[in-house]
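Asker: Here you go, one structure.
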Amino acid sequence: MALWQGKSRRKPTGGRLISNKSKRKFEIGTEKQFTKVGEQSLKRYRTTGGNTKIRMLSAEYANVLDKKTNKVTKVKILGVKINPADPNYVQRSLINRGATIRTDLGDAVITSRPGQDGAVNAVLVE
């Protein structure tokens with residue numbers, strides 16, 4: 001189902017608003033596709049102007065920064081510990097920005113947007 005991001009056909013009072021134009025293709029938004037914990041898979045899709053974005057559908061590894069040593073290491077994701085966006089995301093093992101994940105090095109907070117960037121970057125929590 002398409003997500004239409006255009007103007008409403010109703011006035012704030014509830015009355016009908018007659019539009020002077022019909023729906024346009026650029027007003028259609030993309031469906032939500034969440035990043036899960038599992039074997040890595042990426043999806044490339046076209047954006048406005050012929051540009052492309054890479055959406056991560058599932059992630060197995062994360063690039064974790066250790067602030068003490070200032071080094072980045074590629075670490076396996078064991079699971080999702082806390083997700084402030086929605087507590088249900090923890091049970092479904094969904095990753096997004098701000099989520100705390102369990103890794104081999106310890107807990108880490110995700111700083112990137114996997115659905116937009118196509119990579120999982122995180123900072124180690126002391």
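Asker: Considering only segment 30-62, state which residues are small (G, A, S) and within 25 Å of V125 (Cβ to Cβ). If you could, list the steps in order and put the result at the bottom.
Answerer: Step one: list which residues in segment 30-62 are small (G, A, S), which gives 38, 41, 49-50, 58-59, 62.
The answer is G38, S58, A59, A62.
Asker: Only one residue in V80, V72, V64 is over 20 Å from the mean Cα position of the chain (by Cα) and part of a strand (DSSP E or B), so which one is that? If you could, list the steps in order and put the result at the bottom.
Answerer: Values: V80 fails: over 20 Å from the mean Cα position of the chain (by Cα); V64 fails: over 20 Å from the mean Cα position of the chain (by Cα).
Testing whether each residue is over 20 Å from the mean Cα position of the chain (by Cα) and part of a strand (DSSP E or B) leaves just V72.
Asker: Can you find a residue in segment 14-26 that is among the aromatic types (F, W, Y) and more than 18 Å from the chain's Cα centre (by Cα)? Break it down stepwise before answering.
Answerer: First, pick out the residues of segment 14-26 that are among the aromatic types (F, W, Y): 26.
With more than 18 Å from the chain's Cα centre (by Cα) added as a condition, the list becomes 26.
Yes: segment 14-26 contains one or more residues that are among the aromatic types (F, W, Y) and more than 18 Å from the chain's Cα centre (by Cα).
Asker: In segment 63-77, which residues are in contact (Cβ under 8 Å) with a residue 40 or more places away in the chain and more than 14 Å from V125 (Cα to Cα)?
Answerer: I77
Asker: If you check T47, T52, T100, which single one turns out to be within 30 Å of K25 (Cα to Cα), among the polar types (S, T, N, Q) and open to solvent by less than 80 Å² (accessible area, probe 1.4 Å)?
Answerer: Numbers: T52 fails: open to solvent by less than 80 Å² (accessible area, probe 1.4 Å); T100 fails: within 30 Å of K25 (Cα to Cα).
Step by step, each of T47, T52, T100 is checked, and only T47 is within 30 Å of K25 (Cα to Cα), among the polar types (S, T, N, Q) and open to solvent by less than 80 Å² (accessible area, probe 1.4 Å).
Asker: For segment 25-39, what are the residues that are in a loop (DSSP other than H, G, I, E, B) and surrounded by 12 or more Cβ atoms within 10 Å (Cβ to Cβ)? Reasoning before the result, please.
Answerer: First, pick out the residues of segment 25-39 that are in a loop (DSSP other than H, G, I, E, B): 30-34, 38-39.
T30, Q33, F34, G38, listed by residue number.
The values are calculated or read from the model by the stated rules, or taken from the named source; none is laboratory data. Fair warning: this is a prediction, and the values are worked out from it, not measured in the lab. All Cβ positions, glycine included, derive from the backbone under ideal geometry; neighbour counts span all protein chains shown. Only protein heavy atoms, including side chains, enter the accessible area calculation; ligands, DNA and RNA are left aside. Shrake-Rupley method; radii C 1.70, N 1.55, O 1.52, S 1.80 Å.
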